[in-house]
Amino acid sequence: MPPIEEAQAINAQRIAELRVTLADLPLDHPQLTLEIGCGHGHYLAAYAEKNPAEHSIAIDIIKERLEKAARKTDRAGVTNVSWLRASAEHFFEALPSEVRFNGRIFILFPDPWPKRKHGKNRLIKPDFLHALATFTRTGTELCFRTDHDPYFAEALAVVSDHPEWNVTPDAEWPFEQRTVFEARADSHQSWIARRA
Ligand SMILES: C[S@@+](CC[C@H](N)C(=O)[O-])C[C@H]1O[C@@H](n2cnc3c(N)ncnc32)[C@H](O)[C@@H]1O
């Protein structure tokens with residue numbers, strides 16, 4: 001099989017498997033929160049424990065980090081969180097169309113792709129914000145944090161220009177819990193945008 005077709009077949013298989021996994025999650029929960037790129041899960045584990053009325057879903061592409069996160073919440077008896085191995089792109093492809101996140105959406109210290117030629121790999125792009133908006137109820141907060149100044153500026157410009165999100169400079173950061181990458185950073189900046 002030619003490489004492009006092979007890659008397409010692998011992606012289709014992953015999305016199909018993800019649909020099966022998603023069918024077991026409480027996606028009709030009245031308060032659904034999402035973290036994209038949760039890493040070792042420190043943030044969402046603490047957030048879920050403090051917000052028992054919400055169900056939190058955390059996605060990441062690295063299996064070992066998710067397994068570590070799941071062990072932590074299992075030990076603590078925190079049951080209102082689901083750890084899912086998925087890229088953001090596959091997640092939105094696989095998600096049933098009726099799902100709406102209406103708790104909060106967190107993107108914390110996403111990969112900054114610091115080299116100019118890799119900038120296209122950054123998560124915050126107009127198409128990504130549109131996919132996210134499609135699954136988000138009006139008023140829901142998208143909370144973004146990074147220690148990488150150029151990515152902060154670029155992401156803020158992209159979200160400020162986007163018709164489906166309104167940046168809210170006065171909004172308070174909803175919950176503090178150091179992540180692994182936050183602990184490694186000298187400083188960070190954040191913005192919050194609400195679904196229009
Ligand atoms: C720099 S780490 C930050 C992890 C965590 N949020 C923290 O602050 O410690 C970025 C994480 O995003 C994950 N990631 C990268 N691209 C992703 C994608 N397309 N979809 C989901 N997760 C992704 C990586 O596997 C990694 O764990």
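Here are the numbers for this structure:
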read-out	value
Test: residue in the stretch 123-145 that is among the basic types (Lys, Arg), under 19 Å from Arg195 (Cβ atoms), in contact (Cβ under 8 Å) with a residue 12 or more places away in the chain and surrounded by 19 or more Cβ atoms within 10 Å (Cβ to Cβ)	yes
Residue match in the stretch 113-122 (condition: in contact with a strand residue (DSSP E or B) (Cβ under 9 Å, 6 or more places away or on another chain), surrounded by 12 or more Cβ atoms within 10 Å (Cβ to Cβ) and under 17 Å from Ile36 (Cβ atoms))	no
Qualifying residues in the stretch 21-55 (those that are within 16 Å of Glu176 (Cβ to Cβ) and surrounded by fewer than 21 Cβ atoms within 10 Å (Cβ to Cβ)) - the one nearest to the ligand (Cβ to nearest atom)	His42
Candidate set: the stretch 146-187, residues that are assigned to a helix (DSSP H, G or I) and of a type outside the set (A, V, I, L, M, F, W, C); chosen: the one nearest to Lys50 (Cα to Cα)	Glu182
Sole residue being within 14 Å of the ligand (Cβ to nearest atom) and of a type in the set (Lys, Arg), chosen from Arg71, Arg85	Arg85
Number of positions in the stretch 174-196 that are without any contact (Cβ under 8 Å) to a residue 60 or more places away in the chain and surrounded by 14 or more Cβ atoms within 10 Å (Cβ to Cβ)	5
Extreme residue, nearest to the ligand (Cβ to nearest atom), among residues of the stretch 96-120 that are charged (D, E, K, R) and closer than 27 Å to Ala23 by Cβ	Arg104
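A short reminder: the numbers here are calculations on the coordinates, not readings from a lab. Predicted model, so just to flag it, every value in this text is computed and none were measured. Don't worry about glycine lacking a Cβ; one is built from the backbone with ideal geometry, like all the others, and counts go over all protein chains shown.
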